[in-house]
Amino acid sequence: AKADGRNTLRFFDPKMQELALARSVLEADLRHALKRGELDLHFQPQCDRQGQVHGAEALLRWQHAQRGAVPPAEFIPVAEQTGLIIPIGYWVLRQACLQLNRWAADPATASLTLAVNVSARQFHRSDFTDQVQAIIEETRVDPRRLKLELTESALVEEIDDAIAKMERLRRLGVAFSLDDFGTGYSSLAYLHRLPIYQLKIDRSFVAQVPEDANGAAIVHTIIALGRALGLAVIAEGVESPRQLAFLGNAGCDSYQGYLFGRPMAAAAFNARCGSAADA
Ligand code: C2E
Ligand code: CA
Ligand code: CA
Ligand code: CA
């Protein structure tokens, strides 16, 4: 142990020290993950009530050379804190556009949309719209197939700037979905001003229906709110036929969750859509 009494962390909180160390190792590895080709996108189906796939959400996967799969819940926060989420976020967006182009070449997948998660930190950069536009132009993707998922927390600060950015991308054809809806703060005050097309009901609420009366009330309220504002509503984390029945009766239009399919590699996703393409 260190002799310096000021370096108290090591003496008094070895757990914290360990955590900080694990984090900095993860950070160092994440810096290399991109160029080592350890990052990959998986695709989770977004379906109608009958299970017909109309789109997907792109979900980032990290296959670490030594540790194996590192869950996004572990490395996304590290990426956010270090700013690595910015290059990684543009890499994800570019890969998503390339995937949309591959889908466009096959009738079985040509009409699919692809939703990409955008971190608040990336969205708030002043060059965000320029960067997105550059990727759209460079890949020549059809922007009408591209959806961006933002969380409420990305929109609470600098709301006018956020709306201006969303308007600009919307003019290109890109649509916005409000992710994890209901878990953020004070969204009602500005919700009607946001140029979004969809609310995404958070999995924590979906998990409570139909049994829990409060959860059911929240889901009904979100769907009614979406209706009143002319927005589409998708539910995430749908795992059971009972949840699906409840959501369907409540007026939800789209569904995503293990009931319809886990996030999967492109080849498996294509097979699910009846495409013979192997990626
Ligand atoms: P999210 O955007 O809310 O994504 C949905 C998460 O729920 C995914 O976890 C997905 O695998 C999981 N999920 C989907 N259906 C079910 C279900 O029926 N049951 C359960 N228990 N889980 C379900 P995942 O892939 O681990 O991602 C976690 C979070 O990491 C995402 O939450 C998102 O916030 C973040 N993330 C993932 N990929 C990206 C990315 O490319 N960029 C950014 N900025 N964030 C990402
Ligand atoms: Ca999402
Ligand atoms: Ca979500
Ligand atoms: Ca969620």
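The values are calculated or read from the model by the stated rules, or taken from the named source; none is laboratory data. None of the values given here were measured: they were computed from a predicted structure. For neighbour counting, all protein chains shown are included, and Cβ atoms are generated from backbone atoms with ideal geometry for every residue, glycine included.
Which of the residues that make up the range 131-150 are within 16 Å of ligand 1 (Cβ to nearest atom) and either assigned to a helix (DSSP H, G or I) or in contact (Cβ under 8 Å) with a residue 60 or more places away in the chain (or both)? Give the steps one after another, and end with the answer.
Step one: filter the range 131-150 for residues within 16 Å of ligand 1 (Cβ to nearest atom), giving 131-132, 135, 146-150.
Within the range 131-150, Gln131, Val132, Ile135, Lys147, Glu149 qualify.
Among the residues of the range 16-52, those identified as within 27 Å of Arg94 (Cα to Cα), touching a helix residue (DSSP H, G or I) at 6+ places or on another chain (Cβ under 9 Å) and of a type in the set (A, V, I, L, M, F, W, C) are Leu26, Leu30, Ala33, Leu34, Leu39, Leu41, Phe43.
Residue-level analysis places Gly184 among those that are over 18 Å from Ala96 (Cα atoms) and within 15 Å of ligand 3 (Cβ to nearest atom). Candidates Gln50, Gln63, Gln81: the one that is under 20 Å from Ser119 (Cβ atoms), among the polar types (S, T, N, Q) and more than 17 Å from the chain's Cα centre (by Cα) is Gln81.
Would you mind finding the one in Ile136, Ile86, Ile159 that is under 15 Å from the mean Cα position of the chain (by Cα), more than 16 Å from ligand 3 (Cβ to nearest atom) and not aromatic (Phe, Trp, Tyr)? Talk me through it step by step, then tell me what you get.
On the way: Ile136 fails: under 15 Å from the mean Cα position of the chain (by Cα); Ile159 fails: under 15 Å from the mean Cα position of the chain (by Cα).
Only one candidate passes the filter, namely Ile86.
In summary, Val116 fulfils each of the numbered conditions (1) surrounded by 18 or more Cβ atoms within 10 Å (Cβ to Cβ); (2) away from ligand 4 (no atom under 16 Å from the Cβ) with the single exception of condition (2).
The one condition from (1) part of a loop (DSSP other than H, G, I, E, B); (2) farther than 30 Å from Ala279 by Cβ that Val238 does not meet is (2). Scanning the range 200-243 for residues that are basic (Lys, Arg) and within 16 Å of ligand 4 (Cβ to nearest atom) turns up Lys200, Arg203.
Residues in the range 136-154: is at least one at positive phi and of a type outside the set (Asp, Glu)? Yes, because at least one residue in the range 136-154 is at positive phi and of a type outside the set (Asp, Glu). Restricting the range 1-27 to residues that are of a type in the set (Gly, Ala, Ser) and surrounded by 10 or more Cβ atoms within 10 Å (Cβ to Cβ) leaves a set whose member that is modelled with the highest pLDDT is Ser24.
Yes/no per residue for (1) touching a Gly at 6+ places or on another chain (Cβ under 8 Å); (2) β-branched (Val, Ile, Thr); (3) surrounded by 14 or more Cβ atoms within 10 Å (Cβ to Cβ); (4) over 14 Å from Ala250 (Cα atoms):
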| site | (1), (2), (3), (4) |
| --- | --- |
| Leu194 | no, no, yes, yes |
| Arg203 | yes, no, yes, yes |
| Ala207 | yes, no, yes, yes |
| Glu211 | no, no, no, yes |
| Gly215 | no, no, yes, no |
| Ile218 | yes, yes, yes, no |
| Ile222 | yes, yes, yes, no |
| Ala228 | no, no, no, no |
| Ala232 | yes, no, yes, no |
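Considering only the range 179-215, state which residues are closer than 18 Å to Gly257 by Cα, touching a residue at least 12 places away in the same chain (Cβ under 8 Å) and assigned to a helix (DSSP H, G or I). Correct list: Arg203, Ser204, Phe205, Val206. Ala277 meets the conditions (1) touching a residue at least 24 places away in the same chain (Cβ under 8 Å); (2) within 15 Å of ligand 3 (Cβ to nearest atom) in every case but one. The failed one is (2).
Can Ala207 be described as more than 16 Å from ligand 3 (Cβ to nearest atom) and at pLDDT 95 or above? For Ala207, the condition - more than 16 Å from ligand 3 (Cβ to nearest atom) and at pLDDT 95 or above - is not met. Out of curiosity, is Val116 without any contact (Cβ under 8 Å) to a residue 60 or more places away in the chain and either within 26 Å of Leu188 (Cβ to Cβ) or not in a helix (DSSP H, G or I) (or both)? Yes, satisfied. Considering the range 151-165, and only residues there that are within 16 Å of ligand 2 (Cβ to nearest atom), assigned to a helix (DSSP H, G or I) and not hydroxyl-bearing (Ser, Thr, Tyr), the residue that is nearest to Glu80 (Cα to Cα) turns out to be Ala154. Scanning the range 46-83 for residues that are within 15 Å of ligand 4 (Cβ to nearest atom) and either assigned to a helix (DSSP H, G or I) or within 30 Å of Arg242 (Cβ to Cβ) (or both) turns up Gln46, Glu57, Ala58, Leu59, Pro71, Pro72, Ala73, Ile76, Pro77.
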